1. Using helices alone, I'd like the mean residue ellipticity at 222 nm for the chain: each DSSP H run of four-plus residues gives -39500 (n - 2.57), total over residue count, nearest 500.
2. Any idea what the relative contact order of the chain is, in percent, if you count C-alpha pairs under 8 Å spaced at least 6 apart?
3. Separation of region 221-255 and region 375-441 by C-alpha centroid, Å?
4. Debye calculation, C-alpha points only, no solvent: report log10 I(q)/I(0) for region 24-108 at q = 0.19, 0.22, 0.25 Å⁻¹, in the same order as the q values.
5. Find out how many positive minus negative residues lie around Val289, taking Lys and Arg as positive, Asp and Glu as negative, among other residues whose Cβ is under 12 Å from that of Val289.
6. Determine, at each q value in 0.12, 0.25 (inverse angstroms), the log₁₀ of I(q)/I(0) that the Debye formula gives when each Cα of region 61-152 is one equal point scatterer.
7. With a sphere of radius 11 Å drawn around the Cβ of His264, what net charge do the other residues whose Cβ falls strictly inside it have (Lys, Arg +1; Asp, Glu -1)?
8. So what are the ³J(HN,Hα) numbers for region 225-233, from phi and the Karplus equation (6.51, -1.76, 1.60; θ = phi - 60°), rounded to whole Hz, Gly and Pro as x?
Amino acid sequence: MSTQLPNCIPGSPWLQLRHWIADPIQFQEKYSQLYGDIFTMQLAGLGFCVVIGNPQVIQEIFNRDSKQFDVGRANALAEPLVGRNSLMLLDGDRHRRERKLLMPPFHGERLHTYAQQICLIADQVASEWQVGQTFVARTAMQKVSLEVILQIVFGLSDGERYQQLKPLLTAWLDMTDSPLRSSILFLQFLQRDWGAWTPWGQMKRRQRQVHDLLQAEIEERRQTGHQGRTDVLSLMMAARDEAGQAMTDEELRDELLSILFAGHETTATTLAWALYQIHRLPDVRKNLVQELDSLGEHSAPMKIAQLPYLTAVCQETLRMYPVLPVLFPRITKSAMTIAGYQFDAETTLMPSIYMVHMREDLYPEAHHFKPERFLERQYSPSEYFPFGGGSRRCLGYAIAQLEMKLVLATVLSKYDLALVEDQPVQLRRRGFTLAPAGGVQMKMTGKRSTPIYSTSI
Ligand code: HEM
């Protein structure tokens, strides 16, 4: 290496990797206090990574041509979960082609068609709660978000294949539900299939079962046709690139799994954090319920999605609780200077959502949940980026925000809930993501009277 990387953390790469896997938030807090808003860690097996909490540097990374960085290559750790054709693992022209094919189902008018389905799913899951009974908010929200993906993306809401896929996907995702169990994704020597009783063997078997079920669904759709269907899989099957080419079965399968992994845990976790803060802070709940009540009975879902305080609550939740400890790593393809910092080719840059979202100069009292800050001020794309930025910005940012708002509105307008414990809940690693430790224990304390969504959109 010829150019000195900024603020290299001394010490063993193995210890740094262990710290990073166990608690990436505490890691970033510790080293940003020591070194400021840019420092370099060395992770065993992964090499030097520059962690960046400086908005100017991040703005320049977002603005630069995507050809200057490799991102898919840097996401190789996710290949065992999502497959090698996943959008997340692609770079260059293939990445651009695939994004173009996948984008339309998640944006614009299309979203309106999903809105009511989301409300109905939230309603269905919440109707299982009994007054006085406790439940884990994250688990309940994961039920909602899995159902949203199965119905809206995969186009499955009943039948044998749906009944088989649902528990299989949940079991597969739960295999990395703690820092220790997540190690399997980072340590390649653990990725050996020594039989069904070993974690990796079990993971591979579940993966094969999921692949077989998805393949069968794709083949059936090819035979029966997808005319008139509005689910994302049907739209993906009908899409053609500039050369008139459709997506292959393998591409379809890997993209379905990418959307599942990228879209389902993230949304469920953020919703659990929102429920936690709303019920921890009586004023926030009061303002929110007042705003929802002001809409009156039977409001159209897209009207709910425009409510300013509800929007601010979701924005503040995404600020304080990033589901990814850092954005996808960007590997420089040539030597470059970014905002005055020099980097050699092959340097791994990791913009940190957490470090920027916790900056006191941007967010005074950053550790306090204050939705009002989003009503009072606008933030630039490098000051606030829960969904990343540039050419890799989250594909599902629009549907994720819509889902958050509609689920919160449906639940809060019908039920009175409370936290079971008043202890602060900590962030804990769950696979590649961060989630509330313990999942946030809640209980239903009563039912309210008015449904909020309408049957006409
Ligand atoms: C609250 C929910 C969500 C959060 C916080 C979130 C956040 C993110 C972030 C931070 C990235 C990386 C962006 C970058 O490095 O610049 C990302 C990428 C991605 N997200 Fe999301 N996401 C959420 C929900 C979803 C949903 C619902 C879907 C699908 C419907 C989805 C699909 C994707 C995909 C496919 C990528 C990879 C994009 C690419 O490589 O071009 N996400 N997301």
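1. It lands at -15000 deg cm²/dmol.
2. After rounding, I find 26 percent.
3. When both Cα centres are located, 30 Å separates them.
4. For region 24-108, the Cα-only Debye profile gives -1.07, -1.16, -1.21.
5. Here the count lands on 0.
6. -0.62, -1.17
7. Charge balance in the 11 Å sphere: -2.
8. x, 10, 4, x, 7, 10, 5, 5, 4
All of the numbers you see were taken from the coordinates with simple rules; none came from a lab. As the structure is a computational prediction, the values presented were derived from the model and not from experiment. Cβ: placed from backbone, ideal geometry, glycine included. Neighbour counts: every protein chain shown.
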